[in-house]
Amino acid sequence: MKIGSVILVAAITVTLLMAQTMNSASAEPPAKVKLNPSGEQKENLEQEQHNVELNHSEPRAIPVERAYNELGYDDGWELSGHAWTCAGSGYAVRFTPLTYPVDLQTARINFWPNWPNIYHERFAIYVYAGDSRDRQPGTCLGGPVYHTATNWYWNDVDISGLGITIERGDFYILYLQLSGYPDCEALSFDRGQPYYGRSWNYSGGSWSLSQQAYNYMIRCVVKTQENDIGVFRNGQWILSARYRFNFGNPTDIPVTGDWNGDGESTIGVYRNGQWILRDSNSAGAADYRFNFGNPTDIPVTGDWNDDGESTIGVYRNGQWILRDSNSAGAADYRFNYGNPTDKPVTGDWNGDGESTIGVYRKIYGQWILRNSNSAGSADYRFNFGNPTDKPVTGDWNDDGECTIGVYRNGQWILRNSNSAGSADYRFNFGNPTDKPVTGDWDGA
Ligand SMILES: [Ca+2]
Ligand SMILES: [Ca+2]
Ligand SMILES: [Ca+2]
Ligand SMILES: [Ca+2]
């Protein structure tokens with residue numbers, strides 16, 4: 001069998017065992033899972049059983065960063081596949097979201113090709129909560145979602161219809177065989193050292209932790225509410241779960257905007273009156289470098305003229321000095337709005353395409369926003385946040401209107417309306433000393 005030779009190539013410290021009898025701990029059958037009448041059979045029909053000298057005291061705990069919002073722990077390299085002898089058994093992976101809450105979108109299952117046979121068979125996906133004290137899958141949150149693969153290796157199963165949102169803790173995705181060997185698919189496992197405790201077996205109505213040295217290749221694509229946020233940490237940018245790179249100096253003031261109007265917000269820094277901007281969310285050279293403002297000014301950015309491009313400006317003791325181009329030159333707007341001690345904020349509060357101005361009056365936690373880039377009275381005035389919070393703005397729910405939020409020691413507290421009221425989102429991202437940044441990093 002081809003599988004054996006692949007294993008030898010992998011040349012990890014592997015001890016091969018011929019077979020393993022699983023002595024599963026007894027447990028209540030999980031809700032909604034169909035059990036096979038012959039479920040008493042607990043033989044694990046893997047073509048090769050692998051036993052690695054696990055270092056249990058040093059589990060890897062950092063998830064591999066994958067495509068945007070894809071949780072997974074395998075290393076992406078299929079080594080071989082597993083299948084159970086009987087229907088009603090399966091494999092599960094434990095997932096730990098990077099932020100909360102997350103909506104479960106897609107289960108990704110990797111099938112080893114052309115074994116045990118060359119056909120595809122129907123299987124089922126279930127989702128379990130991580131609410132069990134012994135860390136095994138707990139409450140069944142949803143399923144079955146039936147699916148038949150259309151190709152080998154990764155197959156996407158849409159589980160968004162289950163409507164599952166994970167607010168805290170872990171969750172599990174179970175791939176359940178609906179047919180017995182050899183008329184079934186084989187779940188791939190990887191070549192990497194395991195994220196120990198994440199790969200689980202389900203057989204005979206019982207859960208047991210995989211004792212093998214590999215990870216089951218099940219992933220989950222999630223939707224988070226942190227798509228448009230990030231932090232600047234001493235010259236490093238950490239934007240949602242997707243980007244992490246260095247740009248700028250630790251003492252720079254981070255700025256963000258869609259400098260080239262391609263729909264994607266990118267990064268930049270303000271350094272003593274100099275603007276250093278880049279059109280990509282990555283390390284590299286500046287695309288723009290020019291002077292505008294004084295060293296003590298507070299930089300602001302926005303699409304002041306609704307042409308799709310974010311440009312620059314400064315807030316100087318209550319005076320706004322804005323420009324419609326990312327270059328040195330004269331101000332296009334100059335007016336007073338706010339007090340010297342206010343913190344300036346910008347955004348398209350009314351969704352008309354034009355970014356306008358506002359201030360956060362820290363002492364009261366008060367927002368004072370205006371829909372025009374001119375002096376005048378406030379269009380919105382309300383309280384949201386504490387004196388020590390850092391104000392943030394963004395279109396959290398993608399409805400075209402920019403709204404408010406605060407960053408409080410690593411916690412984001414966001415609201416979808418420009419009014420007082422409770423938070424719509426509350427999650428942790430970043431450290432207390434980080435500088436929060438917002439933007440539409442992927443243009444989506
Ligand atoms: Ca852009
Ligand atoms: Ca513009
Ligand atoms: Ca507007
Ligand atoms: Ca909005």
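Some notes on this structure:
- All conditions but one from (1) acidic (Asp, Glu); (2) within 16 Å of ligand 4 (Cβ to nearest atom); (3) more than 32 Å from the chain's Cα centre (by Cα) apply to Asp342; the one that does not is (2).
- Within segment 114-135, if we keep just the residues that are open to solvent by less than 20 Å² (accessible area, probe 1.4 Å) and not aromatic (Phe, Trp, Tyr), the residue that is farthest from Val93 (Cα to Cα) turns out to be Ala124.
- Among the residues of segment 177-212, those identified as within 21 Å of Asp75 (Cα to Cα), in contact with a Phe, Trp or Tyr (Cβ under 9 Å, 6 or more places away or on another chain) and not in a strand (DSSP E or B) are Glu185, Ala186, Arg191, Gly192, Gln193, Pro194, Tyr195, Arg198, Ser210, Gln212.
- If you go through segment 303-338 and pick out every residue that is within 16 Å of ligand 1 (Cβ to nearest atom) and on the phi > 0 side of the Ramachandran plot, you end up with 2.
- Hits in segment 342-357 (condition: within 11 Å of ligand 3 (Cβ to nearest atom) and either without any contact (Cβ under 8 Å) to a residue 40 or more places away in the chain or among the aromatic types (Phe, Trp, Tyr) (or both)): Trp349
- Residue match in segment 250-258 (condition: surrounded by 22 or more Cβ atoms within 10 Å (Cβ to Cβ), closer than 27 Å to Gly130 by Cβ, among the polar types (S, T, N, Q) and in contact (Cβ under 8 Å) with a residue 24 or more places away in the chain): no
- Residues that are at positive phi and open to solvent by less than 50 Å² (accessible area, probe 1.4 Å), drawn from segment 269-301: Gly273, Gly284, Gly293
- Criterion (among the acidic types (Asp, Glu) and farther than 20 Å from Gly400 by Cα) met by exactly one of Asp303, Asp332, Asp307, Asp352: Asp332
- Segment 119-145, residues that are modelled with pLDDT under 95 and either within 29 Å of Asp183 (Cα to Cα) or of a type in the set (Asp, Glu) (or both): Asp131, Asp134, Gln136
- Within segment 164-185, the residues that satisfy the criterion of being of a type in the set (Gly, Ala, Ser) and either closer than 14 Å to Cys220 by Cα or modelled with pLDDT under 95 (or both) are Gly169, Gly180.
- Residue in segment 359-371 that is closer than 20 Å to Ile312 by Cα, assigned to a loop (DSSP other than H, G, I, E, B) and within 16 Å of ligand 1 (Cβ to nearest atom) present: no
The values are calculated or read from the model by the stated rules, or taken from the named source; none is laboratory data. Everything quoted here is computed from the prediction, not taken from an experiment. Positions of Cβ are generated from backbone atoms using ideal geometry, with glycine treated the same way; all protein chains shown enter the neighbour counts. SASA here: full protein model, heavy atoms, side chains in, ligands and nucleic acids out. Shrake-Rupley method; radii C 1.70, N 1.55, O 1.52, S 1.80 Å.
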